[in-house]
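Participant: This is the structure I have questions about; it appears just below.
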Amino acid sequence: MPKDTRLVYSSDPALNVKCLKCKELQSECLCQPEVDPTKTRLIAVLRIEKQSRGGKTVTVIDRLPKNEAFLKKLTTDLKKKCGCGGTYRLSEKDGLIEIQGDKRNQIAPLLEALGISVKG
């Protein structure tokens, strides 16, 4: 239920704290809290995609936590270990990583060494 009022001015500094993402006041922030990936048991799904990529093969790691810092670090590590390019994306529910080429055999042991279970 939305509020009918909005804080315009306050001399109390605790009420004037703003969210770093959406720049709204903390009391009115609608951002989703980031999930701490070290506290949860992760099960990643590996798959290969070719459609709408000009015939190029891409390994997709799906169902990762929606935490940008975690995805960025994991993507960088996987790209270095596999010797190829890639990127990460945040969807509505979770994050995914795309690595160029069919690298399932290289990625699965790397993820399991980090404590991430792998399907696919």
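The values are calculated or read from the model by the stated rules, or taken from the named source; none is laboratory data. Worth saying up front: this structure is predicted, and the values here are computed from it rather than measured. Note that each Cβ is placed from the backbone with ideal geometry, even for glycine, and that neighbours are counted across all protein chains shown.
Quick grid of which residues meet (1) at pLDDT below 80; (2) in a loop (DSSP other than H, G, I, E, B):
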site	(1), (2)
PRO2	yes, yes
ARG6	yes, yes
LEU30	yes, yes
ASP36	yes, yes
LYS56	no, yes
ILE61	no, no
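Participant: Restricting to segment 41-73, give me the number of residues that are under 15 Å from LYS103 (Cβ atoms) and loosely packed, with under 12 Cβ neighbours inside 10 Å.
Facilitator: 3
Participant: Which of the residues spanning segment 38-54 are over 19 Å from ARG89 (Cα atoms) and modelled with pLDDT of 90 or more?
Facilitator: Within segment 38-54, no residue meets the criteria.
Participant: Something else: Please verify whether segment 84-102 includes one or more residues that are surrounded by 13 or more Cβ atoms within 10 Å (Cβ to Cβ) and assigned to a helix (DSSP H, G or I).
Facilitator: No: zero hits.
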